[in-house]
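**Q** Handing you this structure, nothing more for now.
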Amino acid sequence: MPTQPEDIVNEALDQIGVEEIGDLYEGSRTSNVARRAYDPMLRAMHAAAPWNFARRQRQIDMRGDASGQHHNNRNVPLHWSYMYEWPNDCVHARWVLGLDAYALDASGVPLHAAPAWARPAPFIVTDAPIVNDIASDWDRTEGHNPESTRVIATNELGAMLVYTGLVMYPDAWDAFFRQAFVAALAARLAMAVIVDKVQARAIRSEQLAIARDALVEARVRDGNEGWTLVDHTPDWIRVRSSHSWWGGWHGSGWRSFPYVEDAGGVY
Amino acid sequence: MKPEDIVNNALEVIGHPQRIASFWDGSPEAVVARDMWSETRDALLVRTQPEWAREDIPLTVIKSAPPYYDEQTPWIPGEHPDLPWLYEYAQPETCLVPLALKPRPHTLPVWRPRPMRFRVKTGSDQTYVLLGNDPAPILTCIAHTHDPDIWYEDFVELMIATLAKKFERLFGNQRKPPEGGRDANAA
């Protein structure tokens, strides 16, 4: 039997010395509080660090093209060329992989892509007026609501997004993530389920410190895990050599405008 | 263990000399015990909410909100659930304390548990009803659990202690004297 959310909640309860629950719907005060806290905390902890176990990469779905060439919707935020849907499982957009594609084939695969040039491309995360059916599962889908949809605007055609995906299955988490999540959940539950509020505050602080330490360790460990070469020119240097007739046409200067906004950073 | 055994235990705790044969044996102790039994049992179930008394019961919708309220479809208390709820359900007869509502899941386990609010209110015919936002939820509740054979021992003990406390007020002055009582006291 795989580890379930209830098992994680019980681990958190063990940490704060509170009686375990049977299931999250049993109706006890503890289970009710845990049911409210579990999912938001899970997403928050995913977004808190660039966890290697949750790294995902895929070509994202186009929802707008300012030129109208590849998509009927031309309502793309200025001054971006393309707009892509926020992936259903995405908790945090890390970076858009710039492939310098000039066109898409019939199946939507970017043509003349040059992965060897893979470099972070500028992008923003924004909200676009793309409506979702109110009868759909929009409430269970990241970045979707009846009135609008969270999108990624970039100048890359056939953009590839590297992001942190939501991993719902505790057995797939790495040890540091589990430790951090359990501690953060314990901190969240402490005030609600421990009767002595003075003691609860002390326990909450302890658990928050454990969660923080686990996050720091995870950042270091994930940084050391694998071989990473961030081989790109910073925006503020790139801008010097493009966008002007005297600066030349280096790289993809024109298509990378504007440079300034970067929601995800580079991991 | 039968209910009468628990009552007799409670009588013995206060040192009462009489025992009951049944709730209907006509003795004053039986009459009092019969009056107190169900109320005490239910009060303790409500208070302690033991795991063994929990039960899942599908709810039946008795009122539902229209897709929207406007001049043509105004909110009518007798026809629609209280605002801003979407559904009103009958509280099952066996339910003593509603604890939680849960949706009928498509797949198990549920990897992303979600909270589900509800409220209890008194319906138009003076019975309890529940308000919620799911079209077909399942109610987890403390159910009426009458059979002492399925009670855990600590609950039986609690029942004895509580009944003894109540009997104390009524029968406390009828305690049997201690062994060799008078002579010993006189000495």
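Values quoted throughout were computed directly from the atomic coordinates according to the rules given, and no laboratory measurement underlies them. In this text the structure is predicted, and so the values were computed from the model without any measurement. Backbone-built Cβ (ideal geometry, glycine too); neighbour counts: all protein chains shown.
**Q** Viscosity 0.692 mPa s, temperature 37 °C: Stokes-Einstein D of the stretch B:128-176 from its Kirkwood Cα radius, in µm² per second? Present the calculation step by step, with values, prior to reporting the outcome.
**A** Details: Rh = 14.7 Å.
Answer from the Stokes-Einstein relation: 224 µm²/s.
**Q** Read phi for every residue in the stretch B:71-76 and hand back ³J(HN,Hα) as whole Hz from Karplus 6.51 cos²θ - 1.76 cosθ + 1.60, θ = phi - 60°, with x for Gly and Pro.
**A** Once θ is set to phi - 60°, the couplings for the stretch B:71-76 become 5, 6, 10, x, 6, 10 Hz.
**Q** Starting with the highest mean, order B:59-65, A:157-163 by the number of other Cβ atoms within 10 Å, averaged over the residues of each peptide.
**A** Highest mean packing first, the order is A:157-163, B:59-65.
**Q** Let me ask something else about it. Compute and list, largest first, the equivalent-ellipsoid semi-axes of the protein assembly as shown from the alpha carbon gyration tensor, each √(5λ) rounded to a whole angstrom.
**A** In descending order the semi-axes read 65, 28, 15 Å.
**Q** What Cys residues in the protein assembly as shown have no fellow cysteine's beta-carbon under 4.7 angstrom?
**A** Among the cysteines of the protein assembly as shown, those whose Cβ sits 4.7 Å or more from every other are A:Cys90.
**Q** Highest first, please rank the peptides B:44-53, A:51-60 by the mean number of other Cβ atoms sitting within 10 Å of their residues.
**A** Ranked from most to least packed, the peptides come out as A:51-60, B:44-53.
**Q** Any of A:Lys197/B:Lys102; B:Lys63/B:Lys121; A:Lys197/B:Lys166; B:Lys63/B:Lys102 with alpha carbons more than 23 Å apart? Name them for me.
**A** A:Lys197/B:Lys102; A:Lys197/B:Lys166
**Q** Which helices of chain B meet both criteria: a Cα extent of 18 Å or more along the helical axis and a mean Kyte-Doolittle score no lower than -1.0, with helices taken as whole DSSP H segments?
**A** Helices meeting the criterion: B:28-48, B:153-171.
**Q** Right, another one. Could you state the orientation-averaged shadow area of the convex hull built on the Cα atoms of the stretch A:2-86, in nm² to one decimal?
**A** 9.2
**Q** Right, here's the next one. Just checking the output field for B:112-120: average partner chain Cβ neighbours within 10 Å of each residue's Cβ?
**A** On the way: counts 8, 15, 7, 10, 3, 2, 0, 0, 0.
Mean partner-chain Cβ count within 10 Å for B:112-120: 5.
**Q** Rounded, prolate or oblate for the stretch A:93-176? Axes are the square roots of the Cα gyration tensor eigenvalues, ordered a ≥ b ≥ c, and the cut-off for rounded is a/c under 1.5.
**A** Cα axes put the stretch A:93-176 in the oblate bin.
**Q** Residues of A:62-71, mean number of Cβ from any other protein chain within 10 Å of their own Cβ, rounded to a whole number?
**A** For this peptide, the per-residue mean of nearby foreign Cβ atoms is 0.
**Q** Cα atoms only: what Rg and Dmax, in Å, come out for the stretch A:16-173?
**A** Every Cα atom of the stretch A:16-173 included, Rg and Dmax give 18.9, 61 Å.
**Q** So, one more: So how far apart, in nm, are the two label points at B:Thr107 and B:Asp154 if each is 7 Å from Cα heading toward Cβ?
**A** Output for this residue pair reads 3.8 nm.
**Q** Hey, another quick one. Give me Rg/Rg_expected for chain B, where Rg uses Cα atoms only and Rg_expected = 2.2 N^0.38 Å with N residues.
**A** Expressed relative to 2.2 N^0.38 Å, the Cα Rg reads 1.50.
**Q** Among the aspartates and glutamates, select those whose C-alpha is under 17 Å from the C-alpha of B:Lys165, and discard any that sit fewer than 8 residues away in the same chain.
**A** Candidates past the 8-residue exclusion: B:Glu4, B:Asp5, B:Glu12, B:Glu29, B:Asp35, B:Glu39, B:Asp42, B:Asp154, B:Glu157.
**Q** What do you get when you divide the Cα radius of gyration of the stretch B:1-103 by 2.2 N^0.38 Å, with N the number of residues?
**A** So the Cα radius of gyration is 1.75 times the expected 2.2 N^0.38 Å.
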